[in-house]
Amino acid sequence: MVNERDTQYLLLTPGPLSTTRTVREAMMQEFSTWDVDYNSIIQSIRERLVRLATDDDAHTAALMPGSGTFAVESVIGSVIPPDGKLLVLNNGAYGARITKISQMLGINTVELGQAEIESTDLGQVEQMLANDPAITHIAMVHCETTTGMLNPVEAVGEIVRCHGRVFILDAMSSFGGIPMSMESTGAHYLISSANKCIQGVPGFGFVVADRATLEATEGWARSHSLDLFDQWREMETKGGKWRFTSPTHVVSAFAAALDELAAEGGVAARHTRYVANQKTMVDGMRALGFRTLIGDEVQSPIITSFYYPDAAEFDFQKFYDALKSRGFVIYPGKVSHAQCFRIGSIGDVHPEDMTGLIGHVSEVINEMGVSF
């Protein structure tokens, strides 16, 4: 909780996020990348990720060094055949990033582009797949942290399954914090990152994949270092070894974070805490006069966007700096059509922390002379 922290501030962001002391301390252990003990940790992580996503044995997992975007690019660039075509469902900055990645890799790409405050139009998804049999793959973002929107991934997955296409799910900011499975989402590839809801630190992303679908992609990669099939095959056949130098300290932290997720009660328990965090924070912000950008019916428990107050006295940088000096770091907005800021509710954060935040927000806006 906020009065027990040994860090300089609480990160109320969508990642990197505040971690526990024990996760950070796990990085004090050093390993050789060839060491059998280290590679056994990798194998354990891979198995545990699969078990978080499914109960069957038809899936597998691979780790990919770099930020979450590296993992997304490894999937987009590796699993679509040379004559394939990708449909991107885009209602935010991270959907747009998938489109940009795909286009820069020379993949035949079409997009269902929607406003950032609009949920995915299921009718249009159905129509586009029915009208264009050349589309082989569909990609979308589950929690679009541009706004905090939770997209209807289960419904999209059902449409994709009915049309017999391959579904790529960017679950970067939701996996480990929102209950889901490969079966419930219909995903053939599920992508996330170490520094999100599992509450590790930045350094690698990961992909949980349908094994048979992944095995069919050999030779399709458009990048050497981001070749998902080759990375998976190396780990699969060589006891957890990476092709290139792996982030050993980050791996140790992630293993500790997985232990803590299990100790908390798993994804369901973590989701309950995140929901409580978000509700405590939103109720408090609304009581002060702040307005949320999107409706509660599509709002995720991951991050929430708030409109700037309609007051000349409000200056976001001053607001940000004042909260940071009090031990709370929030996030600037990323919405193209409105002036907003964002507050995250994930990480080693608890409802008591959010209550403390609201008290400081009240102090800051009073000092700034902001009225609603």
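Summary table
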| quantity | calculated |
| --- | --- |
| Unmet criterion (only one of (1) surrounded by fewer than 17 Cβ atoms within 10 Å (Cβ to Cβ); (2) at pLDDT below 95; (3) out of contact with any Pro (no Cβ under 8 Å at 6 or more places or on another chain); (4) not hydroxyl-bearing (S, T, Y)) for K324 | (2) |
| Cross-chain or 6+ apart pairs with Cβ under 6 Å, the range 287-301 first and surrounded by fewer than 19 Cβ atoms within 10 Å (Cβ to Cβ), then among the aromatic types (F, W, Y) and at pLDDT below 95 | G289/F372 |
| Residue count, the range 11-41 (criterion: more than 24 Å from R326 (Cα to Cα) and part of a loop (DSSP other than H, G, I, E, B)) | 7 |
| Tally of residues being farther than 21 Å from A171 by Cα and either free of Cβ contacts under 8 Å to residues at least 24 places away in the same chain or exposed (fewer than 14 other Cβ atoms within 10 Å of the Cβ) (or both) across the range 209-222 | 4 |
| Residue selected from the range 128-158 under the condition surrounded by fewer than 23 Cβ atoms within 10 Å (Cβ to Cβ) and among the aliphatic types (A, V, I, L, M), by the criterion nearest to G177 (Cα to Cα) | L150 |
| Some residue of the range 348-361 being polar (S, T, N, Q), surrounded by fewer than 21 Cβ atoms within 10 Å (Cβ to Cβ) and farther than 30 Å from A256 by Cα | no |
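Yes/no per residue for (1) touching a residue at least 60 places away in the same chain (Cβ under 8 Å); (2) at positive phi; (3) not charged (D, E, K, R):
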{"residue": "Y308", "(1), (2), (3)": "no, no, yes"}
{"residue": "K324", "(1), (2), (3)": "yes, no, no"}
{"residue": "Y331", "(1), (2), (3)": "yes, no, yes"}
{"residue": "Q339", "(1), (2), (3)": "no, no, yes"}
{"residue": "D353", "(1), (2), (3)": "yes, no, no"}
{"residue": "V364", "(1), (2), (3)": "no, no, yes"}
{"residue": "E367", "(1), (2), (3)": "no, no, no"}
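The values are calculated or read from the model by the stated rules, or taken from the named source; none is laboratory data. No experiment lies behind these values; they were computed from the predicted model shown. In this analysis, Cβ positions are derived from the backbone assuming ideal geometry, glycine residues included, and neighbour counts consider all displayed protein chains.
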